[in-house]
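**Q** Please read through the structure below; I'll follow up with questions.
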Amino acid sequence: MKNIIVFSQEYPPYSWGGATPFTVNLVNGLNTLGVHVQLLTICNEESYELQTNGVAIYRIPAAGIYQDESMDSDRGFRRHFQFLKKAKTIAARMQAPDFVILADSLCFPEAKGCALHFGVPLVTMVNQIFSDINGLWNDQLTSMTQLEKRYFQESDRLVVGSQYMQLRMATMGYGQKTTHINYGWGFQKWAQQRLALPPTDFIFVGRMVPEKGVLALIEAFRTVCKVRPHCQLKLIGDGPMKTTAELVVKNYGLAQNVAFCGALPWTQISKVFQSARYTLVPSLNEPFGYVALEAIMYGALPIMSDTGGLREIATTVAYACQVECKPTAPFIYYPDVGKLSDKMLEFLELSDPIRKELQQSARLRASATYNFLTTTAQWLTLLENL
């Protein structure tokens with residue numbers, strides 16, 4: 001039996017707590033296929049849906065790591081490493097692994113040190129290219145861009161979740177060491193009956209950061225409300241754009257139409273999706289777009305930007321859900337607000353039978369392409385060949 005150590009993190013209030021969804025699915029997949037997994041993660045509680053039988057979980061409490069600053073900013077970055085020193089002590093107690101998988105880039109120094117200590121390969125999941133979005137953050141991600149260059153160079157293998165990211169890594173000179181493996185989906189809650197609640201028209205789920213397009217979403221929703229004055233939007237998530245978004249909503253007179261729900265535990269996210277008609281994913285830069293996949297599987301069909309990895313999800317589900325974007329900077333594509341509002345109004349006109357038919361078709365296609373056991377098998381093939 002192979003033994004793998006996975007380094008991950010995700011913590012409130014920035015996101016919804018627990019390990020990242022694609023990490024959970026990878027760990028569950030490895031565990032299901034007979035691999036012994038040790039997971040070192042930062043979180044306040046084990047609220048994520050791990051198949052914990054056989055998985056050794058080492059948890060560093062997140063309390064006090066972050067306050068108002070976002071995790072990827074230079075301030076958050078510095079505070080992060082004050083706490084991750086604990087990881088070295090924990091890793092020393094772990095069973096010697098055959099491989100180390102870095103599922104979150106902030107943990108690179110600890111993951112690299114662990115791999116060197118045990119003399120095993122380090123495989124890094126590249127979930128974002130911070131140098132692509134640093135301009136959106138007014139260069140507040142400089143520490144992250146410096147760190148990503150290190151893990152691009154020093155990891156034995158890089159794994160990306162989309163063809164778009166594979167191409168980006170190749171253009172940066174890392175094509176030979178990069179492998180594309182889709183993020184997997186392995187939860188069963190999507191199969192539950194949708195909640196018998198008055199449905200919310202639109203939801204946004206995710207981090208409120210510049211690259212996620214929250215302000216473009218609100219601008220488009222303002223136009224929708226002129227036609228549909230009782231339309232409702234729920235925004236789930238937290239981050240540095242939240243205060244600005246709240247001010248814009250107030251100035252537009254949309255306080256009765258828009259609800260800011262804050263960060264929710266990941267185990268409650270399924271209920272949010274199941275109580276919504278549509279999910280908005282207006283990203284300016286999107287390496288993969290896991291929220292769009294979640295939305296499809298939970299039945300809240302996504303309307304999303306025509307950019308990055310979202311194009312591959314849209315191709316998989318085969319319905320006209322994308323909105324044209326305009327390039328505003330290298331690797332930054334701003335959604336056309338007018339076309340976004342038109343698409344939202346178009347979808348609101350769909351009858352329930354047609355919407356449900358689209359839901360079923362999209363689920364079947366997505367579940368076949370992004371099955372977590374299939375993607376985990378690809379991971380095992382990759383590891384065997386290292």
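**Q** Is it the case that region 243-261 has a residue that's out of contact with any His (no Cβ under 6 Å at 6 or more places or on another chain), within 26 Å of G186 (Cβ to Cβ) and outside any helix (DSSP H, G or I)?
**A** Start the filter on region 243-261 by keeping residues that are out of contact with any His (no Cβ under 6 Å at 6 or more places or on another chain), which leaves 243-261.
Narrowing the set further to residues that are within 26 Å of G186 (Cβ to Cβ) leaves 261.
Subset that is outside any helix (DSSP H, G or I): 261.
Yes, the conditions are met somewhere in region 243-261.
**Q** Just give me the residues in region 227-246 being surrounded by 17 or more Cβ atoms within 10 Å (Cβ to Cβ) and either more than 20 Å from the chain's Cα centre (by Cα) or more than 16 Å from V281 (Cβ to Cβ) (or both), in sequence order. Spell out how you get there, then give the answer.
**A** The first filter runs over region 227-246 and keeps only residues surrounded by 17 or more Cβ atoms within 10 Å (Cβ to Cβ), leaving 231-242, 245.
Passing the criteria: C231, Q232, L233, D238, P240, K242, A245.
**Q** Six or more apart or on different chains, Cβ under 7 Å: which pairs go from a residue in region 295-314 that's at positive phi to one that's surrounded by fewer than 24 Cβ atoms within 10 Å (Cβ to Cβ) and basic (K, R)? Could you list them?
**A** Listed pairs, sorted by first residue: G299/R194.
**Q** Further question: Filter region 309-344 down to the residues that are in contact with a helix residue (DSSP H, G or I) (Cβ under 8 Å, 6 or more places away or on another chain) and of a type in the set (S, T, N, Q), then identify the one that is nearest to L364 (Cα to Cα).
**A** Ranking the candidates gives T316 first.
**Q** Tell me yes or no: at least one residue of region 257-267 is in contact with a Lys or Arg (Cβ under 6 Å, 6 or more places away or on another chain) and crowded, with 17+ Cβ neighbours inside 10 Å. Step through it out loud before you land on a result.
**A** Within region 257-267, the first condition is being in contact with a Lys or Arg (Cβ under 6 Å, 6 or more places away or on another chain), and the residues that meet it are 259, 261.
Those left that are additionally crowded, with 17+ Cβ neighbours inside 10 Å: none.
Looking through region 257-267, none of the residues is in contact with a Lys or Arg (Cβ under 6 Å, 6 or more places away or on another chain) and crowded, with 17+ Cβ neighbours inside 10 Å.
Residue-wise test of (1) under 23 Å from the mean Cα position of the chain (by Cα); (2) among the charged types (D, E, K, R); (3) surrounded by fewer than 23 Cβ atoms within 10 Å (Cβ to Cβ).
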| site | (1), (2), (3) |
| --- | --- |
| E286 | yes, yes, no |
| A329 | yes, no, yes |
| I332 | yes, no, yes |
| P335 | yes, no, no |
| F347 | no, no, yes |
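**Q** Oh, and also: Of all residues in region 273-284, which are at pLDDT below 95 and either crowded, with 22+ Cβ neighbours inside 10 Å or within 11 Å of the chain's Cα centre (by Cα) (or both)?
**A** Across region 273-284, the qualifying residues are F273, A276.
The values are calculated or read from the model by the stated rules, or taken from the named source; none is laboratory data. Only a predicted model underlies this, so the values are computations on that prediction, with no experimental measurement involved. With ideal geometry, Cβ positions are generated from the backbone for all residues, glycine too; neighbour counts draw on all protein chains shown.
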